[in-house]
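So the structure is just underneath, and the comments pick up after that.
The values are calculated or read from the model by the stated rules, or taken from the named source; none is laboratory data. Note that the coordinates shown come from a computational prediction; the quantities given were computed from them, not determined experimentally. Ideal geometry is used to build each Cβ from the backbone, glycine not excepted, and the neighbour counts take in all protein chains shown. Note: areas computed on protein heavy atoms with side chains; ligands, DNA, RNA excluded. Shrake-Rupley method; radii C 1.70, N 1.55, O 1.52, S 1.80 Å.
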Amino acid sequence: DYGTPGKIRSKKIIEDLGITQVIFENEVRLAIKKTDFEANTIKLVARFGGGKLEEPTDKPGLVSLANNVFIQGGLGKHSYEELERLLAGKNVGGTFSVSSDCFRLSGSTTPDDFELEMNLLMAYLTDPGYREDILPQVRTKYKKGYDAMQRNPMGIMRDQVAKFLAGGDPRFGSATPAQFDAVSMS
């Protein structure tokens with residue numbers, strides 16, 4: 001039960017783009033576009049919050065940690081492994097990422113599993129797991145990825161240029177493994 005459904009304030013169809021835009025009274029916005037790119041597939045993206053711009057400058061690595069643990073932490077009532085077993089045979093799942101201007105929770109499903117997909121994504125928003133036991137493997141994976149990036153000229157350039165263009169702002173570029181390790185689940 002996710003509460004009373006929102007009331008629609010306005011609905012607009014943009015004919016030439018094939019998009020329906022809906023604005024609810026609580027300012028939530030919905031855009032729907034039907035395509036023939038993938039038959040029997042529904043793709044969902046929820047954008048919310050301020051993304052990297054909301055990361056405290058004294059906690060570099062927080063965004064990277066969130067990107068690595070949000071889905072892998074499962075839900076409050078079910079670990080990621082339990083969810084895989086519970087959802088086996090269903091076409092549902094989710095991904096989470098932090099971009100420069102928003103947080104993104106997305107998924108892909110079929111019409112038959114649409115309601116389950118919506119419930120799963122809503123559960124990630126309302127009851128994320130944040131399990132401490134996944135931290136060691138996440139930290140190891142991050143360090144390996146960081147080390148590989150530092151051995152690659154393009155990786156170094158992407159990391160250093162992002163920091164440079166942001167005036168040294170620690171929210172851009174990659175946190176060092178030590179900075180990443182200093183961030184906790186709390």
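What to note about this one:
- Dividing the radius of gyration of the alpha carbons in segment 1-72 by their Kirkwood radius gives 1.08 for Rg/Rh.
- At most 10 other Cβ within 10 Å, DSSP loop - GluC sites (Glu not before Pro), segment 1-94: Glu25, Glu27, Glu38
- Rounded to the nearest 20 debye, the dipole magnitude of segment 119-186 is 280 debye, with +1 charges on Lys and Arg beta carbons, -1 on Asp and Glu beta carbons, and the Cα centre as origin.
- Residue range of the chain that is longest and free of chymotrypsin sites (Phe, Trp or Tyr not before Pro) which are both DSSP loop and sparsely packed (at most 12 other C-beta within 10 Å): 38-186
- Sites excluded, trypsin sites (Lys or Arg not before Pro) in DSSP loops with at most 12 other C-beta within 10 Å, longest stretch of the chain: 78-150
- Each Lys and Arg Cβ is given +1 and each Asp and Glu Cβ -1; about its Cα centre, the chain then shows a dipole of about 440 debye.
- The residues of the chain present an accessible area of 66 Å² per residue when probed at 1.4 Å with all protein chains retained.
- Per-residue surface analysis assigns Asp36 an accessible area of about 130 Å², computed on protein heavy atoms at 1.4 Å probe radius.
- For the chain, modelled as a GNM whose springs connect Cα atoms under 10 angstrom apart, the maximal fluctuation among Gly129, Gly93, Gly167 occurs at Gly167.
- Helix-only [θ]222 nm of the chain, DSSP H runs n ≥ 4, -39500 (n - 2.57) each, per residue, nearest 500: -10000 deg cm²/dmol
- Segment 1-20-segment 148-186 distance, computed between alpha-carbon centres (Å): 39 Å
- In Å, descending, principal axis extents of the Cα set of the chain: 47, 40, 32
- Of the DSSP H helices in the chain, those whose Cα atoms cover at least 15 Å axially and whose Kyte score averages -0.5 or more: 114-126, 153-165
- Ligands, DNA and RNA left out, the accessible area of segment 31-151 computed with a 1.4 Å probe is 53% carbon and sulfur.
- Dipole moment magnitude, nearest 20 debye, segment 1-101 about Cα centre, only Lys, Arg, Asp, Glu C-beta charged: 300 debye
- Number of Lys pairs (Cα under 24 Å; 8 or more positions apart or on different chains) in segment 1-159: 22
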